[in-house]
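Here is the structure we will look at, set down as structure tokens.
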Amino acid sequence: MDVTSPVYPYQQIAAQLRDRIADGTITAQLPTIEELRDTISPRPGYNTVRKAIDVLVKEGLVTTARGRGTFVKRESK
């Protein structure tokens, strides 16, 4: 995460996750919020990562299931 960037941190995180989904690095289930927080430097707050995931939900890339996790939506054929 680039703290000097004018782009909000949650938008930077959403872009990183979007890229990982697009290139096939993440194909099924996203890491938990805590796991994501541990892999990003400097470590963002819980709500920042949650907001990034909310962006991806609104874009239709992922879906969340309370108590189960966040999953990449499969494209319908």
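What follows is calculated from the coordinates using simple rules that are stated; it is not laboratory data. This one's a predicted model, so the numbers in the text were calculated from it and none came from an experiment. Virtual Cβ from ideal backbone geometry, glycine too; neighbours counted across all protein chains shown.
Considering each of Ala65, Ala52, Ala15, Ala22 in turn, give the residue that is of a type in the set (A, V, I, L, M, F, W, C), within 21 Å of Val3 (Cβ to Cβ) and either surrounded by fewer than 15 Cβ atoms within 10 Å (Cβ to Cβ) or touching a Cys at 6+ places or on another chain (Cβ under 9 Å) (or both). Unique residue meeting the criteria: Ala15.
Considering only residues that are of a type in the set (Gly, Ala, Ser) and either touching a helix residue (DSSP H, G or I) at 6+ places or on another chain (Cβ under 7 Å) or within 18 Å of Thr63 (Cα to Cα) (or both), which ones fall in region 1-44? Result: Ser5, Ala14, Ala15, Ala22, Gly24, Ala28.
Scanning region 21-54 for residues that are within 9 Å of the chain's Cα centre (by Cα) and of a type in the set (D, E, K, R) gives Arg50, Lys51, Asp54.
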